[in-house]
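The values are calculated or read from the model by the stated rules, or taken from the named source; none is laboratory data. Quantities reported herein were computed from a predicted structural model and do not represent experimental measurements. All Cβ positions, glycine included, derive from the backbone under ideal geometry; neighbour counts span all protein chains shown. SASA here: full protein model, heavy atoms, side chains in, ligands and nucleic acids out. Shrake-Rupley method; radii C 1.70, N 1.55, O 1.52, S 1.80 Å.
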Amino acid sequence: MIKKSEILIIKRYLRPKKKEGILKIISFFSFLGIAIGVATLIIVMSVMSGFRKDLIDKLLTFQPHVVVENVKNYQDLKKDIEKIAIQNNIKIVKANLTNLGEALLITKNKNKGIVIKGYLKNELEKLDYISKNIVSGNINNLDNQIGIGAELAENFNLKIGDSLTLLSNNTESTPFGVIPKQYTYKIAFIFNSGLAEFDTNYIVANLEILKNFSKKKLNQLEIRLDNAESSIILVNLVKNILKNNNIYSWVEYNKTFYDALKVERNVMFIILTLIIIVAAFNIISGLTILVKNKTKEIAILKSIGFNNGSIKRIFFLTGSMIGILGTATGIAIGVLFSFYIENIRKFLSEILKIEIFPSEIYFLSKMPSQIEVSTILYISLFSLLITFGASIFPALKAANTDPIESLRYE
């Protein structure tokens with residue numbers, strides 16, 4: 001239990017006298033280093049979390065969380081998977097039948113290979129993630145009509161009501177030999193997912209149209225969950241219970257992208273932690289100098305009844321208080337900065353006359369930020385452990401001071 005006398009001495013050491021200016025400078029820079037380190041870590045991790053969330057949300061606009069390939073009995077399989085999900089508290093938002101096909105888009109000026117994604121007509125009209133991303137046109141009545149991405153429409157100068165010709169990989173015999181079949185469709189709507197990969201390369205159509213472009217006789221079951229992170233759990237459960245090895249999560253389809261985000265986040269955390277470690281060395285330096293300058297006082301304290309435990313507590317808590325105050329200040333700055341980071345970005349862009357975080361490069365309209373309580377707690381704990389560890393050595397050295405040797409020549 002810490003005593004009142006020890007608290008008074010700690011307060012005294014945390015506010016050095018003017019003649020002990022070097023200690024004041026070292027203590028200040030130790031505090032500042034920890035605060036900056038913690039704040040920087042919180043800001044960077046918040047931005048990276050926000051960036052990751054926005055990218056994944058955009059990626060999963062048209063890409064499902066779980067895909068089951070080679071579906072034979074659509075309704076029965078859907079019921080089985082929904083039952084497994086309910087038993088394990090996983091919420092399925094939507095499950096629908098789809099298929100993919102490939103075609104060559106032909107115009108007078110240029111051609112382009114595209115991917116056609118087909119849905120059942122009655123399901124397509126109810127899919128919010130498509131209907132909410134339509135920028136023009138209507139999703140109804142897609143019997144012989146299709147929807148195209150905004151960038152594809154812009155690149156080929158296409159608009160609602162225009163007809164486009166698609167060259168299939170299916171062939172037909174003619175007097176001139178075997179040639180690919182051609183099909184013409186009208187554009188019913190134009191969608192904008194926010195990701196160039198989909199908006200440039202995808203066409204959405206009725207599932208019946210896919211018979212002309214897909215060699216796969218079996219369709220796919222696409223499943224969307226309320227939490228994308230639950231997809232891996234659901235995949236493993238379905239594989240174990242239904243013995244279905246043709247089921248994949250979005251993580252498996254985007255493994256390189258997902259792993260890159262994860263590695264980048266971990267590496268950034270390690271690099272920025274060095275700031276806190278450097279600040280911790282300042283605490284060691286400051287406390288070591290403090291112990292050296294206070295050798296006489298330590299001897300006197302021991303002479304009047306302070307034991308080694310009390311001396312250890314005094315110097316350990318002196319260093320720890322610098323760490324605690326620095327960490328608390330860093331958390332406040334980091335959270336505040338992360339919360340208003342978009343306003344700060346706009347302000348700096350106007351002042352410096354440069355575009356910070358351009359949307360055409362990062363595919364995001366604003367600076368993303370997601371403050372996670374768990375990340376802040378993890379950073380705080382890590383910071384405090386480093387500062388506590390840095391305070392141990394000087395505290396042990398102070399406790400081992402011999403009062404007789406220190407007072408011999410006084």
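Label the chain by shape, choosing from rounded, prolate and oblate, from the square roots a ≥ b ≥ c of the eigenvalues of the Cα gyration tensor; if a/c is under 1.5 it is rounded, and otherwise prolate applies when a/b is larger than b/c, oblate when it is not.
Prolate is the answer for the chain, as a/c is 1.5 or above and a/b outweighs b/c.
Mind checking the full-extension length gain between Lys346 and Ile277? Use 0.36 nm per residue of separation minus the Cα-Cα distance, one decimal, nm.
21.6 nm
Along the Cα→Cβ direction, 7 angstrom out, place labels at Lys121 and Asn192. What is the inter-label distance in nm?
The answer from the label model is 3.0 nm.
Over the chain, what relative contact order in percent results from Cα pairs under 8 Å that are six or more residues apart?
Here the relative contact order equals 28 percent.
What does the C-alpha gyration tensor say about the overall shape of region 72-154? Classify as rounded when a/c is under 1.5, otherwise prolate if a/b is larger than b/c, or oblate.
prolate
Taking 56 Å as R0, compute the FRET efficiency from the Cβ-Cβ separation of Asn201 and Ile25 and round it to 0.05.
0.40
Between Lys211 and Ile354, what is the label-point separation in nm under the 7 Å Cα-to-beta-carbon projection?
Reported label-point gap for Ile354 and Lys211 is 5.9 nm.
For Phe339, what accessible surface area do you get with a 1.4 Å probe? Give it in Å², rounded to 10.
Near enough 140 Å² of accessible area.
Give me the percent of the accessible area of the chain that comes from carbon and sulfur atoms, probe 1.4 Å, all protein chains in place.
59
So which of Lys58/Lys366; Lys91/Lys262; Lys58/Lys262 end up more than 21 Å apart by C-alpha?
Those over the limit are Lys91/Lys262.
Mind scanning Lys78/Lys186; Lys72/Lys117; Lys53/Lys110 and naming the pairs with a C-alpha gap bigger than 29 Å?
Beyond 29 Å: Lys78/Lys186; Lys53/Lys110.
Apply 1/(1 + (r/R0)^6) to the Cβ-Cβ distance of Glu82 and Glu252, taking R0 = 35 Å, and write down the FRET efficiency to the nearest 0.05.
It comes out at approximately 0.95.
At 1.4 Å probe size, with every protein chain present, just tell me what the per residue accessible area of the chain comes to in Å².
With all protein chains present, the chain gives 55 Å² per residue.
Quick one: how many lysine pairs in region 286-358 have C-alpha atoms under 29 angstrom apart, if they're 8 or more apart or on different chains?
Lysine pairs, 8 or more places apart or on different chains, close enough: 6.
Placing +1 on the Cβ of each Lys and Arg and -1 on the Cβ of each Asp and Glu in the chain, which of Ile284, Ala39, Gln63 has its Cα farthest towards the positive end of the resulting dipole?
The residue sitting farthest along the positive end of the dipole is Ile284.
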